[in-house]
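Worksheet: the structure to be examined is printed underneath.
The values are calculated or read from the model by the stated rules, or taken from the named source; none is laboratory data. Everything numeric in this text was worked out from a predicted model, so none of it was measured. Neighbour counts run over all protein chains shown; Cβ positions are idealised from the backbone, glycine included. Keep in mind that these areas ignore ligands, DNA and RNA; they rest on the heavy atoms of the full protein, side chains included. Shrake-Rupley method; radii C 1.70, N 1.55, O 1.52, S 1.80 Å.
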Amino acid sequence: MPSTKYIFVTGGVTSSLGKGIISASLATLLQSRGYSVTIQKLDPYINIDPGTLNPYEHGECYVTNDGAETDLDLGHYERFLNRPTSQANNVTTGRVYQTVINKERRGDYLGKTVQVIPHITDEIKRRIQLLGNTGEFEIVITEIGGTVGDIEALPYIEAVRQLRWELGEDSLVVHLTLVPYLAATGEMKTKPTQHSVQKLQESGIQPDVLVCRTEYDLGEDIRRKLALFCNVKKEAVVQSIDAETIYAVPILMRNQHLDEVVLKRLNLPVEDNLDLVNWRDFLYKLRYPQTEVEIGLIGKYVELHDSYKSIVEAFIHAGATNEAKVKIRWIHSENLSLDSVEKSLEGLDGVLVAPGFGERGFDGKLDAIRYARENKIPFLGICLGMQAAVIEYARNVLGLEGANSTEMDAETAHPVIDLMDEQKEVTEKGGTMRLGACDCNIKEGTKAFEVYRRKQISERHRHRYEFNNKYLEDFEASGMIATGQNPGTELVEIVEIPEHPWFIGVQFHPEYKSTVANPHPLFVQFVAAAIRYSESQNA
Ligand code: GLN
């Protein structure tokens, strides 16, 4: 088999230019030409993983099948490529140093002084090549988090320099920059890009491709100028113009032949086999919806929409499948109360209560659930949202006053949600939840079965608390039933209310598995239920 090709994606000028989307879009084009591609993200922060980070810091924590708590860009990689990622796809400085320090403690360095170069850079290089060495991928795209010039990114840039030297023609660097528009003079400015390329060159790296984020078309002159000043071919200066949806970016890149530029540079054949039919079909449905529904997303991190990235994207996929635009109404659960809930939720066609941790804003979630349940509005509760649905039902239907999760009230008389046994001795916070893919058996003749049309599914988890099975009989006798359970442990994974048109709570996170090619059935059916509800309201 020919050797794996490595593409490095670096960023300059500023953060948040969309390196993740550019990486995913390039990967999509290469995959659409039949190449097997994976994408990896190197994050320069010192946390071992983002699992311990507050969503306000870094947005959603994305969970892979193998239970890795990772950067939200991995979600984009999976959504675009429809291929699962794993722990190997996300590396942090914390993880790199931890490995090196553990080796040092074991005596593996045989008395040598352990240094950033070569020991840290060697560990970074090893992790970059891990995916390539599996033999599964022809092309590995490695996105370097942060911006060139950041102190903490230096060892990564140095590792890329060394790898380029070792890999030669089998590697390539794409540098993403910003070309700002100065309204005062009516000009687009190339200097920030020139400086950021100079910064890369100072570190011994010459980019092969420039992707320039811009609000306006770059035009021939700017491209020529950038090519001249930055030592790249003119056809390798590509613009990334603000797009109405991230899913249009592969097409925008294709229109400028980014895939061909990259393949030629890597000495890979460019055949006439690009297949974007399904992608374009999805984009068409996204652009020309037949109807619109509005869904309330209730959570406590709603000021930062990235905290719920995968949920938002899953709605986009599900909307396209239903040929409907899904409008999200962001509702802060702290602002909800029994008095305000009607006004806040008025006109919604569906209610989603989001995952979360801790007490803040919890009561507002219960009020929203009660409103959706009593008014027969389609409801989906995810993780904490499912737990809240159970608590609301316990209090208001089973009459268990003060019923709660022991996460919110350790002394509750009715712990309908309780810590899992395996969690009782756990004291460390990082990586210790129930994480990753678990099997779930679904009962036939239920809504859950209508959704999945299968008796066995696997979904990803990230939680410590669970439905307390001591109460299961009481719940089922009163109209909330467990329709999905773990085959080994009987942990309740899905609850639903058969009397309600569409009321489902899931202990797992379906949003992580929704992709463009495979929109998640729970979201697809939830949106379908919202459309039916909306039609019934307007009839
Ligand atoms: N805080 C809850 C638990 O740990 C729910 C977690 C979540 O929503 N991801 O069980």
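Scanning region 502-517 for residues that are of a type in the set (Ser, Thr, Tyr) and away from the ligand (no atom under 12 Å from the Cβ) yields Ser514, Thr515.
In the set Glu401, Glu450, Glu444, only one residue is without any contact (Cβ under 8 Å) to a residue 12 or more places away in the chain, out of contact with any strand residue (DSSP E or B) (no Cβ under 9 Å at 6 or more places or on another chain) and either closer than 18 Å to Ile497 by Cα or outside any helix (DSSP H, G or I) (or both); that residue is Glu444. Taken over region 298-311, the criterion of being open to solvent by 30 Å² or more (accessible area, probe 1.4 Å) and either in contact with a Pro (Cβ under 6 Å, 6 or more places away or on another chain) or part of a helix (DSSP H, G or I) (or both) is satisfied by His305, Asp306, Lys309. Scanning region 225-256 for residues that are β-branched (Val, Ile, Thr) and part of a loop (DSSP other than H, G, I, E, B) yields Val232, Thr245. The residue that is nearest to the chain's Cα centre (by Cα), among those in region 347-361 that are more than 12 Å from the ligand (Cβ to nearest atom) and modelled with pLDDT of 95 or more, is Leu352. For region 362-390, taking the residues that are at negative phi and not in a helix (DSSP H, G or I), the one that is farthest from the ligand (Cβ to nearest atom) is identified as Asn375.
Restricting the first member to region 523-539 and to residues that are within 10 Å of Val293 (Cα to Cα), and the second to residues that are at pLDDT 95 or above and part of a helix (DSSP H, G or I), the beta-carbon pairs closer than 9 Å and six or more apart or on different chains are Val527/Phe315; Val527/Ala318; Val527/Gly319; Val527/Thr321; Ala528/Ala318; Ala528/Thr321. Within region 345-370, residues that are acidic (Asp, Glu) reach partners that are in a helix (DSSP H, G or I) and more than 15 Å from the ligand (Cβ to nearest atom) with beta carbons closer than 6 Å, at six or more positions or on different chains, in the pairs Asp349/Ala530; Asp349/Tyr533; Asp349/Ser534; Asp367/Val341. For Pro415, the criteria (1) within 22 Å of Asp306 (Cα to Cα); (2) within 16 Å of the ligand (Cβ to nearest atom) hold in every case but one, which is (1). Being surrounded by 15 or more Cβ atoms within 10 Å (Cβ to Cβ), within 13 Å of the ligand (Cβ to nearest atom), under 22 Å from the mean Cα position of the chain (by Cα) and acidic (Asp, Glu) is a description that applies to Glu493. Restricting region 435-485 to residues that are closer than 19 Å to Asp66 by Cα and open to solvent by less than 20 Å² (accessible area, probe 1.4 Å) leaves a set whose member that is farthest from the ligand (Cβ to nearest atom) is Ile457.
Quick grid of which residues meet (1) at pLDDT below 95; (2) open to solvent by less than 10 Å² (accessible area, probe 1.4 Å):
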position	(1), (2)
Arg126	no, no
Gln129	no, no
Ile139	no, yes
Thr142	no, yes
Gly146	yes, no
Gly149	yes, no
Glu158	no, no
Arg161	no, no
Gly168	yes, no
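When region 68-77 is filtered for residues that are surrounded by fewer than 24 Cβ atoms within 10 Å (Cβ to Cβ) and within 9 Å of the chain's Cα centre (by Cα), only Leu72 remains.
May I ask you to list the residues in region 314-346 that are farther than 30 Å from Asp409 by Cβ, more than 16 Å from the ligand (Cβ to nearest atom) and not charged (D, E, K, R)?
Result: Phe315, Ile316, His317, Ala318, Gly319, Ala320, Thr321, Asn322, Ala324, Val326, Ile328.
Set side by side, the residues Ile316, Ile222, Ile328, Ile295 differ, and just one is assigned to a strand (DSSP E or B), open to solvent by 20 Å² or more (accessible area, probe 1.4 Å) and not acidic (Asp, Glu), which is Ile328.
Does Val91 fit the bill of being buried (at least 21 other Cβ atoms within 10 Å of the Cβ), touching a Leu at 6+ places or on another chain (Cβ under 8 Å), under 27 Å from Phe315 (Cβ atoms) and of a type in the set (Val, Ile, Thr)?
When the stated conditions are applied, Val91 does not pass them.
Contact list please: Cβ distance under 7 Å, first residue in region 282-293 and closer than 23 Å to Thr28 by Cα, second residue surrounded by fewer than 13 Cβ atoms within 10 Å (Cβ to Cβ), pairs at least six apart or on different chains. Taking only residues 6 or more apart or on different chains, the pairs are Leu286/Thr245. At least 2 residues being within 28 Å of Thr52 (Cα to Cα) and in contact (Cβ under 8 Å) with a residue 60 or more places away in the chain is the threshold, and among the helices (runs of 4 or more DSSP H) wholly inside region 88-186 those reaching it are 121-133, 154-167.
Working carefully through the options Asp108, Asp71, Asp66, find the one that is under 30 Å from Val261 (Cα atoms) and among the charged types (D, E, K, R).
Only one candidate qualifies: Asp71.
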